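The values are calculated or read from the model by the stated rules, or taken from the named source; none is laboratory data. The shown structure was predicted, so the numbers you read here are calculated from the model rather than taken from an experiment. Note: ideal-geometry Cβ built from the backbone for every residue, glycine included; neighbour counts use all protein chains shown. The protein model used for the area step is the full one, side chains on, heavy atoms only, and it has no ligands, DNA or RNA in it. Shrake-Rupley method; radii C 1.70, N 1.55, O 1.52, S 1.80 Å.
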Amino acid sequence: MKARYLVVLGAAGLCVMASTPIAADQSNEHSSECSGLPTHAALKSALEQARNTPNGGFNLDMWGTIVNRDGVVCAVAFTGGDRGDQWPGSRVISAQKANTGNAFSLPGLALSTANLFSAVSPGGSLYGLQHSNPVSTSVAYRGNAANYGEANDPMEGGKIGGINVFGGGFALYNRHGQIVGGLGVSGDSSCADHNIGWKTRNILRLDFVPGGVSGDPSRPDNIVYDITSQTGQQEGTSASGWGHPACSAEATAIAATLPATR
């Protein structure tokens, strides 16, 4: 009996010893996946700075998410005092935007989510894109809600997926011009989201953007306001095919003077 007891204890000890390095490896793997990308603290600081400037919206608090080039969530943050100080639904929307900005940008061409609005509308060149790559609800809503937006947000380490086609999502390019992931922000009007996200990326110095469709070489993936109304069409027609609806005259004016990309 004593020998059998020792065998069981020995087997249990081996299981504990074996499980410890696996957990450590998983933690290290997530850390290495996000190497070179902003930490939670850096994202939160940049998002707060950007949010606390005029952006042409409703002056609301924001969510922000960063994903790596494979779409793995690396950081989630908010600007308010508590997770309920900004729209709860915007947490996942910010992650969708980060995923979209990364997933549909390339080493030589950046598309912000604002650039996709007209392209995915009926008759647009990318109509139907918004129905692809659905959000992973198991990643989006897992874990303790008390940790949402904190350094241990449960979305971190998971592939969120999702497509969003209005302002607030961007690809991230480092100083070598390499695309390294995506940034998404949400919580205000879509036009203010674009302005806040643009400024956040600029503060993080991840805006070495190679090219885009905006027509402005200083702001290649900037929002395009070229939609004109057309009888019988709610959205109107975009002259370039990459247009986004205007939200306010102030937001439009701010977009035209956003910091030039590096």
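Name the long-range amide H neighbours of G158: under 5 Å, sequence gap of 5 or more, or other chain; modelled H, no Pro or chain starts. Here V73 satisfy the definition. The slack between T39 and F208, meaning 0.36 nm per residue of separation minus the straight C-alpha distance, is 58.9 nm. For F78, F166, the ranking by accessible surface with the largest value first comes to F166, F78, using a 1.4 Å probe. A 1.4 Å probe, protein heavy atoms only, puts the accessible area of D82 near 80 Å².
The angle between the Cα long axis of helix 40-51 and the longest principal axis of the Cα atoms of the chain comes to about 20 degrees, rounded to the nearest 10.
A simple count of charges around I196, restricted to other residues whose Cβ falls under 12 Å of its Cβ and scoring Lys, Arg +1 and Asp, Glu -1, yields 0.
Ranking E156, E250, E33 from most to least accessible surface, computed with a 1.4 Å probe over the protein chains only, gives E250, E33, E156. Each Cα pair under 8 Å and six or more residues apart adds its sequence gap; the mean of these over the residue count of the range 132-204 is a relative contact order of 25 percent.
Rounded to the nearest 10 degrees, the inclination of helix 2-33 to the longest alpha-carbon principal axis of the chain is 20 degrees.
When the Cα gyration tensor is reduced to axis lengths a ≥ b ≥ c, the ratio a/c is 1.5 or higher for the chain, and with a/b above b/c it is classed as prolate. Label sites at S31 and T228, each approximated as a point 7 angstrom past Cα along Cα to Cβ, lie 5.8 nm apart. The angle separating the long axis of helix 190-203 from the principal Cα axis of greatest extent in the chain is about 60 degrees. For the chain, a simple Cβ point-charge model (Lys and Arg +1, Asp and Glu -1, everything else neutral) yields a dipole of about 640 debye relative to the Cα centre.
The number of Lys pairs in the chain with C-alpha atoms less than 18 Å apart, excluding pairs fewer than 8 positions apart on the same chain, is 4. Considering only beta bridges that DSSP places wholly inside the range 113-256, some 90 percent are antiparallel. Estimated purely from DSSP H runs of n ≥ 4, each contributing -39500 (n - 2.57), the mean residue ellipticity at 222 nm for the chain is -10500 deg cm²/dmol once divided by its residues. Can you work out the PRE-style zone for E250? Point 7 Å along Cα to Cβ, and I want the residues of the range 41-73 with backbone N under 20 Å. Flagged as within label range: 47-63. For the range 172-249, trypsin sites (Lys or Arg not before Pro) meeting the loop criterion (DSSP other than H, G, I, E, B) and having at most 16 other Cβ atoms within 10 Å: R175, R205.
When each of the peptides 125-136, 37-48 is scored by how many other beta carbons lie within 10 Å of its residues on average, the order from highest to lowest is 37-48, 125-136. Here's the picture: a label point sits 7 Å out from the Cα of R262 along the beta-carbon direction, and within the range 161-195 the residues with their amide nitrogen under 14 Å of it are 172-180. To the nearest 10, the accessible area of V213 is 40 Å² with a 1.4 Å probe. Taking every protein chain into account, the accessible area of the chain amounts to 46 square angstrom per residue (probe 1.4 Å). Annotation: extensible slack from N59 through S218 equals 54.6 nm (criterion: 0.36 nm per residue apart, minus Cα-Cα distance).
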